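The values are calculated or read from the model by the stated rules, or taken from the named source; none is laboratory data. Here the structure is a predicted model, which is why all the values come from computation and not from measurement. Positions of Cβ are generated from backbone atoms using ideal geometry, with glycine treated the same way; all protein chains shown enter the neighbour counts. These area figures cover heavy atoms from the full protein model, side chains too; ligands, DNA and RNA do not enter into them. Shrake-Rupley method; radii C 1.70, N 1.55, O 1.52, S 1.80 Å.
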Amino acid sequence: MKLIGIGRNYIEHAKELNNAVPSEPVIFLMPDTSLLRNDEDFYIPDFTNEVHHELEIVVRINKIGKNINSKFAHRYYEEIGVGIDFTARDLQAKLKSKGLPWSNAKGFDKASPISRTFINKSEFTSVDDIDFSLLKNGEIVQKGNTKDMIFKIDELIEHISKYYTLKIGDLIFTGTPAGVSKVEIGDRLEAFIGEKKMLTCDIK
Ligand code: ZN
């Protein structure tokens, strides 16, 4: 099983990090060891002084596929969840400035909490109109809607599956809206889809 990350998929977030708005999806991979499940605590690793939360809608693939046309992409997933793509921003900035891959800044152990439960997509009017939000210590820090994605879920699946065979259980982290910020020891993050609480993560 693999985790597929998408960078810069919301215009306001690309801007807040002074990144160009991409003309095609920015794809990166993370190993399965970067998953953090069951609302477990997140421990800030010692190789970074600046871990940012990135709240993201996560799509779970339920059918094997390759070269999937976006028209048929909806057949390859049933469930939607949320995740946090923790990012060692200081390390990522260093790697980016040298033109190096940023894997270590995103795919390190337990960097990717995901919700315990996923929601069947039939419960949404459209997968391209899902509200989601993140509270940090009780205050809203990130608020997004999938309609603001530059590349929608079905387009992402088309693009990703040109390069990588999608397998059952693969998770696509679909990019973060604006509002990323540094986490500190003692912070509590709570992620919601609509009004439904999906994920809690305490920072240690
Ligand atoms: Zn991300």
Per residue, accessible area of the stretch 88-157 with a 1.4 Å probe, heavy atoms of protein chains only, in Å², comes to 50 Å²
What residue among 54, 123, 190 has the largest mean-square fluctuation in a Gaussian network model of the chain, using Cα springs under 10 Å?
-> 123
If one builds a Gaussian network model of the chain from Cα atoms under 10 Å apart, the most fluctuating residue listed among 112, 133, 97 is 97
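Over the chain, what relative contact order in percent results from Cα pairs under 8 Å that are six or more residues apart?
On the way: 498 pairs, mean separation 70.0, N = 204.
Answer for the chain is 34 percent.
Give a quick list of trypsin sites (Lys or Arg not before Pro) in the stretch 62-148 that DSSP marks as loop, anything other than H, G, I, E or B, with at most 11 other Cβ atoms within 10 Å. Numbers along the way, then the final one.
Working: sites: 63, 66, 71, 75, 89, 94, 96, 98, 106, 110, 116, 121, 136, 143, 147; in loops: 63, 66, 98, 110, 116.
When the trypsin sites (Lys or Arg not before Pro) of the stretch 62-148 are filtered for loop state and at most 11 Cβ neighbours within 10 Å, 66, 98 remain.
Subtract the Cα-Cα distance of residue 124 and residue 197 from 0.36 nm times their separation in residues, and report this length gain in nm to one decimal. Mind showing how you got there, number by number?
Details: separation 73, 0.36 × 73 = 26.28 nm, distance 1.57 nm.
Here the answer is 24.7 nm.
Roughly speaking, what is the stretch gain from residue 75 to residue 90, that is 0.36 nm per residue apart minus the C-alpha to C-alpha distance, in nm to one decimal? Provide the component values of the computation, followed by the final result.
Numbers: separation 15, 0.36 × 15 = 5.40 nm, distance 3.86 nm.
So the chain would gain 1.5 nm between residue 75 and residue 90.
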Out of 131, 46, 187, any idea which swings most in a Gaussian network model of the chain, alpha carbons joined below 10 Å?
-> 46
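With only Lys, Arg, Asp and Glu charged, each at its Cβ (+1 for the first two, -1 for the last two), find how big the charge dipole of the chain is about the Cα centre; round to the nearest 20 debye. Let's see the in-between values first.
Values: 28 positive and 31 negative charges, 133 e Å.
Here the chain has a charge dipole of around 640 debye.
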Note, residue 34: beta-carbon cut-off 14 Å, +1 each Lys/Arg, -1 each Asp/Glu, net -3
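Counting other Cβ atoms within 10 Å, keep those with at most 16, restrict to DSSP loop, and tell me which chymotrypsin sites (Phe, Trp or Tyr not before Pro) in the stretch 91-159 are left.
Of the chymotrypsin sites (Phe, Trp or Tyr not before Pro), the ones in loops of the stretch 91-159 whose Cβ has at most 16 other Cβ atoms within 10 Å are 124.
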To the nearest 10 square angstrom, what accessible area does residue 17 show with a 1.4 Å probe?
-> 50 Å²
Quick one: give the max-minus-min coordinate of the C-alpha atoms of the stretch 3-202 along each principal axis, largest first, in Å.
-> 43, 39, 30
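Students often get this wrong, so check it: of 63/94; 63/152; 2/152, which have C-alpha atoms separated by over 30 Å? Intermediate values should be presented prior to the final figure.
Numbers: 63/94 37 Å; 63/152 19 Å; 2/152 20 Å.
Beyond 30 Å: 63/94.
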So which aspartates and glutamates pass the test for residue 96, namely a Cα distance under 19 Å, with those fewer than 8 places away in the same chain ruled out?
-> 16, 24, 50, 54, 85
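Report the chymotrypsin sites (Phe, Trp or Tyr not before Pro) located in the stretch 34-101 that are in a DSSP loop and have at most 15 other Cβ atoms inside 10 Å of their Cβ, or state none. Let's see the in-between values first.
Numbers: sites: 42, 43, 47, 72, 76, 77, 86; in loops: 43, 47, 86.
Here the sparse-neighbourhood loop sites are 43, 47.
Measure off, as a whole percent, the carbon and sulfur share of the 1.4 Å-probe accessible area of the chain, all protein chains present. Walk me through the numbers on the way to the answer.
Values: 4540 of 9530 Å².
Carbon and sulfur: 48 percent of the exposed surface of the chain.
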